[in-house]
Amino acid sequence: MSAPQPTTLSDRIQQIPRHYVYLLLAGVVVWQLLFPIRLPITPSVPTRGVYDAVAAVPDDKLIIITTDWDASTQAETGPQTQAVIHACFQNHKKFVIMNLQPPMGVKLAQDLAQEAAAEYGAVYGVDYANWGYKYGYENVLMAMAKNIPNAIGDDFYGKPVGELPLMQGVEDIHAIGLVVIVTGLSAMTEMWVGLIQGPYNTPLAAAYTAVMAPIYYPYLDSDQLKGMLVGAKGAAELEAMVDRPGKAVAIMNVQSWAHVLIIALILLGNLGYLFARGRGGERQP
Amino acid sequence: MWFSRLLQRLFPPAPTPAALYLYLALAVVGSIVIIVALHRLLGPRGRRWLIAFVTFIAGLFFGLEYFYPVHGDPAKNFLTDWIEPVSVMLTVVGAFTVGLGIYSLLQVHGRNLAQRRPGWHNSLAFFLATFAMLVFGMWEHYLHLPQPPPEVVPWPKGIYEILFNGLFAPLQAATFSLLAFYIASAAYRAFRVRTGEAALMMAAAFIVMIGQVPVGAWLTSFIPADSPAAFFRLEMLGEWVLRWLNTPAQRGIIFGIAVGALAMSLRIWLSLERGTFFSEQS
Amino acid sequence: MGSLEHANWFMRILFLSLCAIIVAGVLLAQRGREMFIRRIPGLTAIEEAVGRATEMGRPIFFSPGLDSINIVTLQALAILSYIVRLAAAQATRIIVGLRSPIVYPVAEESVREAYDAVGRPENFRPDDIRFISDEQFAYALGAVGIISREEVATNFLFGAFYAEALILTENGRALGALQVAGCPEPTQIPFFIATCDYVVIGDEYYAASAYLTREPTLTGSLVGQDICKAIVIAIIALGVGLATVFAPEKNFLLTWLGGGG
């Protein structure tokens, strides 16, 4: 079922074929990738919260970075994870990677950690580790709270986690100084808040895709989250704070002008609508 | 606790690996026998009663552990020590569903292939992709490569990297990228300012969209960051909209959904849920 | 420090009171008391949407979301049963696209029973209950393929949806299908509103089974639920007042709710 053909200017403005919209957007993306207009990036308060939370972790405690994301959200969560890893290495904090869903996340995060580790001379098993993908959602968290080595079992490479040097003295959740949830999935934060942050007061920070971040501002406001990275913007801000500008900064160049284009299109559509209303008709797109 | 001691007497730890495998085999066979027997002995009403009973007991366990008074340090009640083994047991049971999922996929696509239904070539692609990923994924895992991996890797790892990093990940990312185009066309087509409320929503949306990107900060960079007027910088305005307008609304939604979920969970726990799917009201 | 690992006395009283109110609503409704439910346009539109597909002679597509068996999916399956009964009575074909292999046999059984219930078991087509893929975007593209090839007249999306939601609805809109969506999660609601004709939002979703079937048990539970919300609002108002007046360490409500110092 297709809409009637536009006849007047106001109708045409309201009914630009979607292929032209796609082409315009693609053009803006390519333009900014090839000829970026670099604008300054100022870290926001939620992003500063993440950095400060990492820096505040006691030296004898671990940071858990949960990488509950996959290739679909990699454009946002990949740079977020990378920036958090850099923040950990720069502040000399030991961290572990794990995830509860989907399994791909630990592999992608491991690649990022290895790349960063080479830069800082960090050693796997001593300065960082990868607990791997653990199936069981809440059951894993409940078990981890009481006994981490038993709950986790083997690491990403199949080695018992208890044999890793950085796991010496790590028994239960009290050995964890911060959990950074990097995710594109709903419901992960609620699990960590309900089972770990609430009962044990383990500090939490998070990094979300831009589309889901608004629903987690209540947790930031109530201090259940110490900080929050919002999409590629948050990743770019943290990259600026750790002085490692990377993919997120490039993405923000593109995103800036893509947002401008979308706003321009919305205004154009509304202009057509106003003209049509002025003529006494109303066009339904 | 007498119940713990009884269980320990009935199910002592397996003395040898062979004994453990024997126990596992007996458990599997025993479970199949019990399930088949229940299926044959119980009619539809009996099965419904059994499901309701098991649902109730499962919910009761976790609910009772949460609500029952606790004593001592660390604070616990008579059920607390069972949380971990029950959670582990549920994790194991949950892992069975992965097998169920694989079986279902093989059945559906196998039928498509065997009967040459329309689109059977997609099922063939499914089998090729699944087995390629399975074979090379497991092969790569059991290579036990040293950390960090060597410069030149064995060819199974190379193929695995091609399949994973070269095909799977980019395909997922590309499909997700379609959303950007769909959002642009949906926003252009659907957002019309027909009422005052729509105008307010549009203004808030523009402020947040522009405030979230460096262009917004640049547009109002002429306002000093430490002046009283800094609130009107677009990134500050956007942050304000998200924290002070969006947050209460989200809280309201969260509370409403939580109460709705509580009511539905209660209905399912007590087997009160009615309607065309669950059971008919007699 | 505050702990929510076990209930304190306040949580016990609060939770058990909320549960008791819901159960009381159920019992009152079962005794014949009339309960008012306001109109929910998205749910009222279901009959219209099924009728549209019947008139156009084109099938309906239903997606129960991407989650495995949980309360969101169970509610979606309850709505599916209702829609199947409507469609079966009008001899309209309905295609169900599934992502979770666990939901697949449950949905198949549910649809088969619905056809049996309206006396049309011969119209049940097992091939119309399609497990597509358990990968999110593979599922989305497979569902879009079905919607396009079958030229569905009506698209129902009830359940847990994530990033793939816009792919499904934008393609359905381009095809001219009437689209009714319902999702308790707020993240995808804006996309549904931009592309669907009717949207069921938030806890209207959990009211669906009560609204559609008007079973006393369910309507009573719904009314009990609303009373619980009023109690929660009262506690929030009390908390706001106390937080305004008292410091956190003197705020007894903060301690009772598990966040006190």
Legend entry - So B:Phe131, is it more than 12 Å from chain A (Cβ to nearest Cβ), crowded, with 19+ Cβ neighbours inside 10 Å, hydrophobic (A, V, I, L, M, F, W, C) and farther than 26 Å from A:Lys233 by Cα: no
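Okay, residues lined up against (1) more than 14 Å from the chain's Cα centre (by Cα); (2) within 12 Å of chain C (Cβ to nearest Cβ); (3) surrounded by fewer than 23 Cβ atoms within 10 Å (Cβ to Cβ):
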| site | (1), (2), (3) |
| --- | --- |
| A:Leu164 | yes, no, yes |
| A:Gln168 | yes, no, yes |
| A:Ile196 | yes, yes, yes |
| A:Pro199 | yes, yes, yes |
| A:Thr202 | yes, yes, yes |
| A:Ala206 | no, no, no |
| A:Pro218 | yes, yes, yes |
| A:Gly234 | no, no, no |
| A:Gln255 | yes, no, no |
Legend entry - B:Ile223 vs. criteria β-branched (Val, Ile, Thr) and assigned to a loop (DSSP other than H, G, I, E, B): yes
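Could you tell me which of the residues A:Val57, A:Val96 is in a loop (DSSP other than H, G, I, E, B), away from every other protein chain (no Cβ under 13 Å), in contact with a Leu (Cβ under 8 Å, 6 or more places away or on another chain) and not basic (Lys, Arg)? Quick ask: steps written out before the conclusion?
Values: A:Val96 fails: in a loop (DSSP other than H, G, I, E, B).
Unique residue meeting the criteria: A:Val57.
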Legend entry - Selected residue (criterion: surrounded by the most Cβ atoms within 10 Å (Cβ to Cβ)) from residues of segment B:236-273 that are in a helix (DSSP H, G or I) and among the hydroxyl-bearing types (Ser, Thr, Tyr): B:Thr247
Inset, instruction - Please identify the pairs in which a residue from segment A:173-191 that is in the same structural domain as A:Leu229 (by TED's automatic domain parsing) and buried (at least 21 other Cβ atoms within 10 Å of the Cβ) has its Cβ atom under 6 Å from the Cβ atom of a residue that is in a strand (DSSP E or B) and polar (S, T, N, Q), counting only partners at least 6 apart or on another chain. - result: A:Ile181/A:Thr66; A:Val182/A:Thr67
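Looking at B:Leu90, B:Leu124, which one is under 20 Å from the mean Cα position of the chain (by Cα), under 30 Å from C:Phe131 (Cα atoms) and in a helix (DSSP H, G or I)?
On the way: B:Leu124 fails: under 20 Å from the mean Cα position of the chain (by Cα).
Of B:Leu90, B:Leu124, the one residue that is under 20 Å from the mean Cα position of the chain (by Cα), under 30 Å from C:Phe131 (Cα atoms) and in a helix (DSSP H, G or I) is B:Leu90.
Return the residue satisfying two criteria in turn: it lies in segment A:220-232 and is of a type outside the set (Ser, Thr, Tyr) and not in a helix (DSSP H, G or I), and of such residues it is farthest from the other protein chains (Cβ to nearest Cβ).
If we take residues in segment A:220-232 being of a type outside the set (Ser, Thr, Tyr) and not in a helix (DSSP H, G or I), then A:Lys226 is farthest from the other protein chains (Cβ to nearest Cβ).
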Legend entry - Residues located in segment C:1-23, provided they are modelled with pLDDT of 85 or more, loosely packed, with under 15 Cβ neighbours inside 10 Å and not polar (S, T, N, Q): C:Trp9, C:Phe10, C:Ile13, C:Leu16, C:Ala20
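In this structure, is C:Thr187 within 12 Å of chain A (Cβ to nearest Cβ), polar (S, T, N, Q) and within 22 Å of B:Gly252 (Cβ to Cβ)?
Numbers: within 12 Å of chain A (Cβ to nearest Cβ): yes; polar (S, T, N, Q): yes; within 22 Å of B:Gly252 (Cβ to Cβ): yes.
Considered against the rule, which asks whether it is within 12 Å of chain A (Cβ to nearest Cβ), polar (S, T, N, Q) and within 22 Å of B:Gly252 (Cβ to Cβ), C:Thr187 comes out as yes.
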Inset, instruction - Please tell me if C:Pro101 is of a type outside the set (Val, Ile, Thr), within 29 Å of A:Ala187 (Cα to Cα), surrounded by 22 or more Cβ atoms within 10 Å (Cβ to Cβ) and within 11 Å of chain B (Cβ to nearest Cβ). - result: yes
Inset, instruction - Return a yes/no flag: does segment C:190-207 have any residue that is of a type in the set (Gly, Ala, Ser), within 14 Å of the chain's Cα centre (by Cα) and farther than 18 Å from A:Ser222 by Cβ. - result: yes
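Quick check on my filter: what residues within segment A:136-172 are touching a helix residue (DSSP H, G or I) at 6+ places or on another chain (Cβ under 9 Å), outside any helix (DSSP H, G or I) and over 21 Å from C:His6 (Cα atoms)?
A:Gly136, A:Gly153, A:Asp154, A:Asp155, A:Phe156, A:Tyr157, A:Gly158, A:Pro160, A:Gln168, A:Gly169, A:Val170, A:Glu171
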Inset, instruction - Could you pull out the residue among B:Arg233, B:Arg243, B:Arg194, B:Arg251 that is at the interface with chain C (Cβ under 10 Å from one of its Cβ atoms) and of a type in the set (D, E, K, R)? - result: B:Arg251
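Condition check: modelled with pLDDT under 80 and either more than 26 Å from the chain's Cα centre (by Cα) or not polar (S, T, N, Q) (or both). Does B:Gln147 satisfy that? Before the answer, list the steps.
Details: modelled with pLDDT under 80: yes; either more than 26 Å from the chain's Cα centre (by Cα) or not polar (S, T, N, Q) (or both): yes.
Spelling it out, B:Gln147 is indeed modelled with pLDDT under 80 and either more than 26 Å from the chain's Cα centre (by Cα) or not polar (S, T, N, Q) (or both).
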Inset, instruction - Would you confirm whether any residue within segment B:7-17 is under 28 Å from the mean Cα position of the chain (by Cα) and hydroxyl-bearing (Ser, Thr, Tyr)? - result: no
Legend entry - segment C:191-208, subset facing chain B (nearest Cβ under 7 Å) and of a type in the set (Ser, Thr, Tyr), residue farthest from A:Ile266 (Cα to Cα): C:Tyr206
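Does B:Leu105 satisfy being under 29 Å from B:Ile32 (Cβ atoms), of a type outside the set (Ser, Thr, Tyr) and surrounded by fewer than 14 Cβ atoms within 10 Å (Cβ to Cβ)? Please lay out each step first, then the result.
Working: under 29 Å from B:Ile32 (Cβ atoms): yes; of a type outside the set (Ser, Thr, Tyr): yes; surrounded by fewer than 14 Cβ atoms within 10 Å (Cβ to Cβ): no.
The answer is no for B:Leu105.
Of the residues A:Asp127, A:Asp154, which is in contact (Cβ under 8 Å) with a residue 12 or more places away in the chain, among the acidic types (Asp, Glu), under 22 Å from A:Pro79 (Cβ atoms) and more than 10 Å from every other protein chain (Cβ to nearest Cβ)?
None of the others qualify; the one that does is A:Asp127.
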Legend entry - Among (1) buried (at least 20 other Cβ atoms within 10 Å of the Cβ); (2) touching an Asp or Glu at 6+ places or on another chain (Cβ under 9 Å); (3) of a type outside the set (Phe, Trp, Tyr), the one test that A:Arg48 misses: (1)
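Residue-wise test of (1) surrounded by fewer than 19 Cβ atoms within 10 Å (Cβ to Cβ); (2) assigned to a strand (DSSP E or B).
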| residue | (1), (2) |
| --- | --- |
| C:Gly25 | no, no |
| C:Arg33 | yes, no |
| C:Glu47 | yes, no |
| C:Glu55 | yes, no |
| C:Ser63 | no, yes |
| C:Asp67 | no, no |
Inset, instruction - Please find, among A:Pro36, A:Pro17, A:Pro40, the residue that is out of contact with any Asp or Glu (no Cβ under 7 Å at 6 or more places or on another chain), loosely packed, with under 13 Cβ neighbours inside 10 Å and more than 9 Å from every other protein chain (Cβ to nearest Cβ). - result: A:Pro17
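Let's see how each residue does on (1) of a type in the set (D, E, K, R); (2) within 25 Å of B:Glu140 (Cβ to Cβ); (3) surrounded by fewer than 24 Cβ atoms within 10 Å (Cβ to Cβ); (4) outside the structural domain of A:Glu237 (by TED's automatic domain parsing):
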| position | (1), (2), (3), (4) |
| --- | --- |
| A:Gln90 | no, no, yes, no |
| A:Ala109 | no, yes, no, no |
| A:Gln114 | no, yes, yes, no |
| A:Ala118 | no, yes, yes, no |
| A:Ala122 | no, yes, yes, no |
| A:Val126 | no, yes, yes, no |
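For segment B:242-251, indicate whether the set of residues that are closer than 24 Å to A:Gly234 by Cα and in contact with a Leu (Cβ under 6 Å, 6 or more places away or on another chain) is non-empty.
Looking only at segment B:242-251, we keep the residues that are closer than 24 Å to A:Gly234 by Cα, and these are B:242-251.
Going one step further and asking which of them are in contact with a Leu (Cβ under 6 Å, 6 or more places away or on another chain), we end up with none.
The answer is no, given that none of the residues of segment B:242-251 is closer than 24 Å to A:Gly234 by Cα and in contact with a Leu (Cβ under 6 Å, 6 or more places away or on another chain).
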Inset, instruction - Select from segment B:215-235 the residues that are surrounded by 20 or more Cβ atoms within 10 Å (Cβ to Cβ) and farther than 17 Å from B:Ala205 by Cβ and write down the one among them that is modelled with the highest pLDDT. - result: B:Arg233
Inset, instruction - Within segment A:128-168, count every residue that is among the acidic types (Asp, Glu) and either closer than 18 Å to A:Lys61 by Cα or not assigned by TED's automatic domain parsing to the domain that holds A:Thr189 (or both). - result: 1
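The values are calculated or read from the model by the stated rules, or taken from the named source; none is laboratory data. Bear in mind that the values here come from a model prediction, so they are computed numbers and not experimental data. A quick note on method: Cβ atoms are made from the backbone with ideal geometry, for glycine too, and the neighbour counts reach across all protein chains shown.
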